[in-house]
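The values are calculated or read from the model by the stated rules, or taken from the named source; none is laboratory data. In this text, all values refer to a predicted model and were calculated from it rather than measured experimentally. Note that we place each Cβ from the backbone using ideal geometry, even for glycine, and neighbour counts take in every protein chain shown. These accessible areas exclude ligands, DNA and RNA; they are computed on the full protein's heavy atoms, side chains included. Shrake-Rupley method; radii C 1.70, N 1.55, O 1.52, S 1.80 Å.
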Amino acid sequence: MNVMLYQAAAALEGNLLRQQAIAENLSATSVPGFKKSEVGFSAISPDMFKNQLDKVEDKSQLQYMFPSFEKQINFQQGTLVSTGVDTDVAIDGPGFFAVQGPDNKILYTRDGTFRPNQDGLLATKEGYPLLGETGTIRVDSAMAEPVTISNTGDVSQGGAGLGRLQVINFNDPTQLQRVAAGYFEPGNQAPQAADLSSTSVRQGFLEGANTSPVSEMSELMTTLRHYEANQRIMQLQDEHLGKLIQELSNLN
């Protein structure tokens, strides 16, 4: 078994996954609140090798182990940008807005671009109604008074309270499942109210994506160089094996 060939092949696979993540990030850098994907790998310890070796009958079939690559979501907060629009909202700190997605499924997002729909309900660009603690939030587009949203998420218009935004958090946001560029499903996690001592709502602001085209293009160039280097290693090993086979055949 040529270990170097397998090592280079594993690295090629990891770089391909990394390139896919970069392409996804590049396509969504303009989405408010977007959280970029990153690719990491698991280190191999002697105990992991021993555990795998104990599971197989033919011990010769497991001589080496290689890192497994995984795509993860980076939930670092993006920069808050002032828009001056009273229905634009950003979360400063950990947390997510809750919206009613397709088939009444609850989705979670950091994109606070909300606008009244034809029924007067505050909704996302995709038309998903924003959810408050007691249901959807309806505003009067014909009213001259602007919508006011406090730092705790209380929504009012003309002095009348319209509800309080649901600001949700999770014990481990990295376990959330991305369903679109700006939306997540909770998976097996139970949503819980965000701690308002560390999280606040900012009216008239939007959170930018936590990546940029410049940084992603830089990552792309680095990934391509890694890919080409490991590809060259495989070519060199293939040439070496070819020469070795030729020399052995000449001995006969």
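List the pairs whose first member sits in the stretch 156-169 and is over 21 Å from ASP111 (Cα atoms), whose second member is open to solvent by 30 Å² or more (accessible area, probe 1.4 Å) and not hydrophobic (A, V, I, L, M, F, W, C), and whose Cβ atoms are under 8 Å apart, counting only residues at least 6 apart or on separate chains?
GLN157/ASP140; GLN157/GLU145; GLN157/PRO146; GLN157/THR148; GLY158/ASP140; GLY158/GLU145; GLY159/GLU145; GLY161/ASP154
Starting from residues that are within 30 Å of the chain's Cα centre (by Cα) and within 17 Å of GLN203 (Cβ to Cβ), keep the ones in the stretch 133-155 and report whichever is most open to solvent (accessible area, probe 1.4 Å).
Initially, the stretch 133-155 is screened for residues within 30 Å of the chain's Cα centre (by Cα), giving 133-137, 149-155.
Filter once more, so that each one left must be within 17 Å of GLN203 (Cβ to Cβ): 137, 149-155.
Numbers: ILE137: 2, ILE149: 12, SER150: 40, ASN151: 99, THR152: 56, GLY153: 0, ASP154: 58, VAL155: 4 Å².
By that ranking, first place goes to ASN151.
Let me spell it out: the conditions are (1) open to solvent by 70 Å² or more (accessible area, probe 1.4 Å); (2) at pLDDT below 85; (3) assigned to a strand (DSSP E or B); (4) not hydroxyl-bearing (Ser, Thr, Tyr), and GLY40 meets all of them except one. Which number is the exception?
(1)
Checking VAL179 against (1) part of a loop (DSSP other than H, G, I, E, B); (2) touching a residue at least 60 places away in the same chain (Cβ under 8 Å), which test does it fail?
So VAL179 meets the others, but not (1).
Please enumerate the residues belonging to the stretch 156-170 that are buried (at least 21 other Cβ atoms within 10 Å of the Cβ) and either in a loop (DSSP other than H, G, I, E, B) or small (Gly, Ala, Ser) (or both).
GLN166, PHE170
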